[in-house]
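**Student:** Below is the structure I would like to discuss, written out as structure tokens.
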Amino acid sequence: MKPGNREVVHHILAFAVPKGKRRGLDGARGFLVGYVPGARLELAPRGHAKRVPAGSELIFQVHYTPIGVPQKDQSLLGIVLADPDTVTHQVVTTSAVQSKLRIPPGESDHKVFATSPRFPSNATLLSFSPHMHVRGKSYRYDLQTPDGQMETLLDIPAYDFNWQTTYELKEPKWIPAGSKIVHTTWWDNSAQNPANPDPTINVTWGEQSWEEMLFGAVLMRFLDDEEVAALKAGQQPADLASTD
């Protein structure tokens, strides 16, 4: 996604869904690609691609932030078509959302949690894309395995709304079936936050930058039994070794 007017385009989400199935879109069902401030080109490992079923509609969710004067925008979507003979794995996106936000006025270190659905089968994680607004302070992804063990996957101590990057794993992480990802976020709604538009109000979920969101996306792929056996033996699948 390429924003046509960075002054007012807050973020863009693009979905590929069956014709007429526009309700209930989120960061998992039909999600194709997105744009947020600071986003860069995302490369998948060689042989990996997202699937757009024949007959799909492309749906664009565009959030604008008004600046007080009329504006125009023509944002763009670019698609690279992969040769089906070269695709070995389908990449999918899953996410966690916490819409019941209530950040008290003046609070400088308010903590909120969100949890992803449990993974239905074995998978490898490829990258993370956290999203908050201007009161976002820090963000952490933790893996909770079926036996209750916790492991920190990504820790962002100084979140910046203007530089919302995608964090790609140097080596994709194997996730056993039944695991879930816990998203822990902290918010600064105090006067010490220079980006805070109003430290005197209760802040709730909303689409505008002066409101807040907790949305954490994860790019992943599911594994077959042979790959799981190789990973358990400490062997890294060759097709995950590099990007193309």
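The values are calculated or read from the model by the stated rules, or taken from the named source; none is laboratory data. Values in this document were obtained by computation on a predicted structure and should not be read as measured data. We place every Cβ from the backbone using ideal geometry, glycine too, and count neighbours over all the protein chains shown. SASA here: full protein model, heavy atoms, side chains in, ligands and nucleic acids out. Shrake-Rupley method; radii C 1.70, N 1.55, O 1.52, S 1.80 Å.
**Student:** I want to check the label-to-label distance for Leu81 and Leu41. Put each point 7 Å from Cα in the C-beta direction and report it in nm to one decimal.
**Tutor:** 2.0
**Student:** Further question on the same structure: Going by the alpha-carbon gyration tensor, a ≥ b ≥ c the square roots of its eigenvalues, is the chain rounded (a/c under 1.5) or, if a/c is not under 1.5, prolate (a/b greater than b/c) versus oblate?
**Tutor:** Values: a/c = 2.09, a/b = 1.31, b/c = 1.59.
Judged from the Cα gyration tensor, the chain comes out oblate (a/c at least 1.5, b/c at or above a/b).
**Student:** Just going by the charge dipole of the chain, with Lys and Arg at +1 and Asp and Glu at -1 on Cβ, which of Gly148, Val62, Val112 is farthest out on the positive end?
**Tutor:** Going by the Cα projections, it comes out as Val62.
**Student:** Provide the packing ranking of 133-142, 100-109, 159-168, i.e. peptides ordered by the mean count of other C-beta atoms within 10 Å per residue, highest first. Don't jump to the answer; show the numbers that get you there.
**Tutor:** On the way: 133-142: 21.0, 100-109: 14.2, 159-168: 16.0.
In descending order of packing, they fall as 133-142, 159-168, 100-109.
**Student:** For a quick check: with amide H placed at 1.01 Å from N, whose amide H comes under 5 Å from Lys137's, ignoring anything fewer than 5 positions away on the same chain?
**Tutor:** Trp186, Trp187, Asp188
**Student:** Take the Cα atoms of segment 59-178, find their three principal axes, and give me the spread along each one in whole Å, biggest first.
**Tutor:** Cα extents, longest axis first: 49, 42, 25 Å.
**Student:** Also, I was wondering about something else. Go through Phe31, Gln192, Pro176 and say which Cα lies farthest out towards the positive end of the charge dipole of the chain; charges sit on Cβ, +1 for Lys and Arg, -1 for Asp and Glu.
**Tutor:** Phe31
**Student:** Also, quick follow-up: Treating only the Cβ of Lys, Arg, Asp and Glu as charged (+1, +1, -1, -1), what charge dipole size does the chain show about its Cα centre? Round to the nearest 20 debye. Don't skip to the end; give the middle numbers.
**Tutor:** Values: 24 positive and 27 negative charges, 126 e Å.
The calculation lands at about 600 debye.
**Student:** Ok, one more. With every protein chain left in place, what is the accessible area per residue of segment 43-170 in square angstrom, probe 1.4 Å?
**Tutor:** I get 60 Å² per residue for this part.
**Student:** Kirkwood hydrodynamic radius (Cα pairs, Å) of segment 142-197? Could the numbers behind the result be given before it?
**Tutor:** Values: mean 1/r = 0.0713 Å⁻¹.
Taking the inverse mean of 1/r over all distinct Cα pairs, segment 142-197 comes out at 14.0 Å.
**Student:** A further question follows. Using only Cα atoms, what is the ratio of the radius of gyration of segment 59-110 to 2.2 N^0.38 Å? Provide the component values of the computation, followed by the final result.
**Tutor:** Working: Rg = 19.9 Å, N = 52, 2.2 N^0.38 = 9.9 Å.
Rounded to two decimals, the normalised Rg is 2.01.
**Student:** Go ahead and collect, in residue order, the members of segment 186-209 whose backbone nitrogen is under 19 Å from a label point 7 Å along the Cα-Cβ direction of Glu7.
**Tutor:** Only 209 pass the distance filter.
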